[in-house]
1. Test of understanding: what is the full-extension gain from residue B:451 to residue B:401, defined as 0.36 nm times their sequence separation minus their Cα-Cα distance?
2. Given H placed on each backbone N at 1.01 Å, which residues far from residue B:54 in sequence or on other chains put an amide H within less than 5 Å of it?
3. Under the definition of partner shielding as Cβ atoms of other protein chains within 10 Å of a residue Cβ, what is the mean value for peptide B:142-153?
4. Kindly list the residues of the range A:92-119 that lie in the label zone of residue A:153, defined by a backbone N under 11 Å from the point 7 Å along the Cα-to-C-beta vector.
5. For the range A:214-230, just list the computed ³J(HN,Hα) in residue order, Karplus coefficients 6.51, -1.76 and 1.60, θ = phi - 60°, integers in Hz, with x standing in for Gly and Pro.
6. What area, in nm² and to one decimal, does the C-alpha convex hull of the range B:326-455 cast on average over all directions?
7. Give me the mean projected area, in nm² to one decimal, of the convex hull enclosing the Cα positions of the protein assembly as shown.
8. Straight distance only, please: which lysines reach the Cα of residue A:122 with their own Cα at less than 16 Å, same-chain residues fewer than 8 apart left out?
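Since every read-out is calculated from the coordinates, none of them should be taken as a lab result. The shown structure was predicted, so the numbers you read here are calculated from the model rather than taken from an experiment. Cβ: placed from backbone, ideal geometry, glycine included. Neighbour counts: every protein chain shown.
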Amino acid sequence: MKIEVLYPEVCCLYGDKSNADYLKKCLPECEMVYTSLTDEPRFAFEPVDLIYLCSMSERSQELVLERLKNYKNVLRLLIDEQKCVILAVGNAMELFGQYIQKEDGEKIEALGITDTYAVRQKPDRFNSLGILSMGDMTLVGYTTRFSHSYGLSKEDALFKVVRGSGINPDTDLEGVRKGRFFATYTVGPLLISNPDFTRFILDEMGAPEATVAFEKEAREAYEKRLAGIRAAKELLQ
Amino acid sequence: MKLFFATLFAKLAYIALRILGRNASHFPGAVALKLCPDFLGRVAKCPMTICVTGTNGKTTVTNMVADFLEQRGKKVGSNRLDSNITEGVACTYVLSVGLFGRPKVDAMVLEVDERASRLILPYIKPDYLVCTNLFRDSIMRNAHPDYIFEVLETYIPDGVFMVLNADDPLSSRLKSGNERMYFSVGRQPSDVEECINRVADNTICPECQTTMKYDYLHYHHLGHYRCPACGYTAPEAAYTALDADVAEGTLVVEHEGEKKTYPLINDALYNIYNEIALIALASKLGYDEDTIISTLKNIGITETRFRELRAGDIDVICCLSKGCNSVACSRNFDNVRMHPGKKAVYLALDDTSYMKNTVEYTGWIWDVDYEFLNDPDIKQIVVTCPRCRDHRLRLLMAGVDPEKIFLAEDELEAADLIDPEGIDKVYLLYDNTLYDRSVKIADRIVRNLTERGRK
């Protein structure tokens, strides 16, 4: 098994890094590859099992897009042919859409792999807790961002919002799914906070035998948080 | 007249709150701003205005600068009570000016929240601005360091003299057109060349985006950096803290090639940064080295941030460890690890201001170096508050032996879990929203340990 974490020197905000660490704990034999902005991504020349991309600053989004545009066709192929799992969290999701509209109206062309587009609203920050569902699974999450996304169809949505907000305040759809490509505005310890979703990702990676690390303790923390968010008077922070 | 009435009613509000025994560091400022929205721009400028901002250390530096000037006989207005947003700053002005807005103090020393700086700095136009550093902070409020840099860069007025941290690749670039002076900390025995922290925010070259190299790295992204591709490097510091001698209580400082010995206020590396920032500023204000040295002997760290107690043979060290601020917590964890002795650690890190209506976001704990607590000399770790299960999970991920981890949601119950067997020190690390409770927790720990010691 091989996991490639892209551009960790800039894609490292909000505790997102913990998801890769957690997968490593679940898959101790797995090779972790950390690709910097000056390196050629491993996925461009050899098979990897999962590509992981975390949240970044808006300035870094432009830097990362500049790098990834050189591999746009490879990424499209990997997604269309479901060659590997891709997990993009926070505003990394926006890189795969059509464009990102800046505060001044300028549009930055994105990878164009998904139908969504993002609109920044800086300095207005959007912070919200959420309860999300995927099939029978209930997830807890948190989003923090300067932008909202639009153009998501029901068929392409990764999650349905149970409490909280979707990819924009007027929708109950959250995240994008395209085969084994999973993107969500949820930031932080997405996998650690949601043992069932970790199980799902491990299965998607082709590792059904892998155990969810510290599952008992993770589940206790999850249950407490889920009850807390269900009871919370406020979700926006 | 608007300024007169705003000042009058704000002063009355202050007196009323004080009579009622309530905290008066915010509301009087809100009254002044309500009655006179441009209050901060209208009050007359003090003979000297110093602002201190930055992610970590700004409260400590503000207090030290205010103490320093008072020791030198100046009458100082300062928001020491910790309200560093617009209302807090306005409140400080209310108390420092007469009814017609004329200053009654020689100097204003103001801690300014980075994000609130846009509503403060353009109006009060400080003479000097110290920026301690820029790290990631509460993600809800501060988003990320790039954003805070943009805010400060936009709203710090031209002409303000900047006192900046040479070791920080981000904040050292603030207001490049303004006159400036840098401080730094030189090579330390604990330094590394590669980052060992979970997060380092500003490690790519701002000119060419190559990952920078460090001749020495103190922590996270603070150190002596250079870009191997384009040669971009840390600016030269006017004052550099070199060797800290804890036993002697001294700090060697280099200035223009000469070394001089200053009193050491506190040996934590982050407090050495705070002290060297003060030394640099004081010299800029015209104080000579001997005056600075003699004044520093009478300056300490505020008690709400750091206290040392004793329970029989055991030291109980209480230290503010700001929740939601991963770097501040990592610094404290590193300090706990570095100090000699067998230790128990008590963690009360939840931001309790969230508890009433919502659930605190805990993503920040995954940016904290809990790995520093995975140390053979740390015998026990007690985690408390509603998110104690998340902290336990984080400790397990850091490789801490599950047998060492104890958990209780109630803070006082958790205090009873401290086992004195074989330990020399207890570290009580608490969020700033838990200061009052930390006093009770510390009392309980001291009482328990003293009673058990007697038995």
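1. Numbers: separation 50, 0.36 × 50 = 18.00 nm, distance 2.83 nm.
Net length gain for the segment: 15.2 nm.
2. It is B:114, B:132, by chain and number.
3. Mean partner-chain Cβ count within 10 Å for B:142-153: 4.
4. The answer is A:115, whose backbone nitrogens lie closer than 11 Å to the label point.
5. Per residue, the Karplus-derived 3J(HN,Hα) values read 6, 4, 4, 5, 5, 5, 4, 5, 4, 4, 5, 5, 4, 4, x, 5, 4 Hz.
6. Numbers: hull surface 29.8 nm².
Computing the convex hull of the Cα atoms and averaging its projections yields 7.5 nm².
7. Its average projected convex-hull area is 31.0 nm².
8. A:102, A:107
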